[in-house]
Every structure is written in C-alpha cells, then in structure tokens.
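**Q** Okay, handing you the structure first.
The values are calculated or read from the model by the stated rules, or taken from the named source; none is laboratory data. Fair warning: this is a prediction, and the values are worked out from it, not measured in the lab. Backbone-built Cβ (ideal geometry, glycine too); neighbour counts: all protein chains shown.
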Amino acid sequence: MIDKLTPILENYLETIYNLEIKSDSEGVRITDVAELTSRSKASVNIAIKSLVKMGHINHERYGDIILTESGRAIGKDIAHRHAIFYNFLVKVLKVDETIADTEACQIEHSMSTDTVLKFKDFLCKYCREIEE
C-alpha cells in the first residue's frame with residue numbers, strides 16, 4: 001500500500017477538488033477527471049484505487065468519486081498553492097499563462113508550507129503596491 005502522496009496523486013486530488021467546486025456537487029465522474037488531466041480512464045482508475053486505500057476518497061465501482069475530509073483538505077491546499085505560484089509567475093514575472101500553469105503545477109509540490117505562505121505574502125504586497 002502507498003503511504004505517501006506523490007505529486008501525481010496530489011494532482012488528482014486537486015483536479016477532483018476543482019471539479020467538485022466547479023460543478024457545485026459532491027461527486028465527480030472518472031470521465032471528467034480523465035478529460036481534464038488528459039489521462040486514460042484506466043490510468044485514472046489506478047490512481048483512484050490508491051487514493052481510496054489511503055483514505056482520501058470514496059469510490060464505488062461505476063460511481064462518483066467523493067473526497068473525504070482529508071482528500072478535500074489536500075485538494076484545496078494544492079489548488080491554493082497552484083493559484084499562488086500561477087499568479088506570481090503571470091503577474092510578477094510576466095510569464096505566458098500556459099507556461100505559468102504548467103510550471104505552477106511543478107512548483108506547487110516542492111515548496112514547504114512556510115515558503116508558500118511567504119510567496120503569498122509577497123504577492124499580496126506586490127499587487128497592492130502596483131495598484132496604488
């Protein structure tokens with residue numbers, strides 16, 4: 001059994017969280033996750049089984065994917081990290097949005113919580129300064 005979340009599994013939780021928020025419903029379909037991540041349904045199913053074993057989601061065969069409390073917290077945290085780094089890259093460094101999205105996804109998994117918060121503080125101060 002897997003005991004540690006990999007960046008790939010974190011991305012699945014982030015995707016499920018984002019789909020859940022976007023659709024304003026609790027359940028998410030495997031097809032939607034596969035489309036959004038550009039992965040096959042078979043690959044998504046393998047990841048889903050790992051996340052079920054870890055207790056981050058609930059999923060019955062052919063049913064919707066439902067985040068548990070821990071899965072939702074992780075998905076929300078990763079989505080928040082992504083937004084911070086994406087905005088930093090686009091607003092501060094003026095990186096192309098497509099590139100920024102890809103690179104924010106890579107950065108979000110490797111920074112400590114403390115560093116992420118410092119990036120957020122910097123970004124907030126920077127945005128206030130350019131608005132004045």
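**Q** What tally of residues in region 94-109 results from selecting those that are among the hydrophobic types (A, V, I, L, M, F, W, C), over 16 Å from the mean Cα position of the chain (by Cα) and in a helix (DSSP H, G or I)?
**A** Going through region 94-109 one residue at a time, the tally reaches 1.
**Q** Shifting gears a bit: May I ask you to verify whether Y62 is of a type in the set (F, W, Y), closer than 19 Å to I21 by Cβ and either modelled with pLDDT under 90 or under 17 Å from the mean Cα position of the chain (by Cα) (or both)?
**A** No.
**Q** Please count how many residues of region 100-118 are within 27 Å of L36 (Cα to Cα) and surrounded by 12 or more Cβ atoms within 10 Å (Cβ to Cβ).
**A** Total meeting the criteria: 11.
**Q** Out of the residues in region 59-93 that are part of a loop (DSSP other than H, G, I, E, B) and out of contact with any strand residue (DSSP E or B) (no Cβ under 8 Å at 6 or more places or on another chain), which is nearest to R128 (Cα to Cα)?
**A** L93
**Q** Quick one: in region 15-57, which of the residues that are in a loop (DSSP other than H, G, I, E, B) and among the charged types (D, E, K, R) is surrounded by the most Cβ atoms within 10 Å (Cβ to Cβ)?
**A** Only one residue fits best here, namely R39.
**Q** Among the numbered conditions (1) assigned by TED's automatic domain parsing to the domain that holds V52; (2) buried (at least 16 other Cβ atoms within 10 Å of the Cβ), tell me where N87 comes up short.
**A** All conditions are met except number (1).
**Q** Residues to consider are V33, V28; find the one that is under 15 Å from A79 (Cβ atoms) and in contact with a Leu (Cβ under 6 Å, 6 or more places away or on another chain).
**A** From the options V33, V28, the qualifying one is V28.
**Q** Does V92 satisfy the criteria of being touching a helix residue (DSSP H, G or I) at 6+ places or on another chain (Cβ under 8 Å), at pLDDT below 95 and under 27 Å from L123 (Cβ atoms)?
**A** Yes; evaluated as a whole, the condition is true for this residue.
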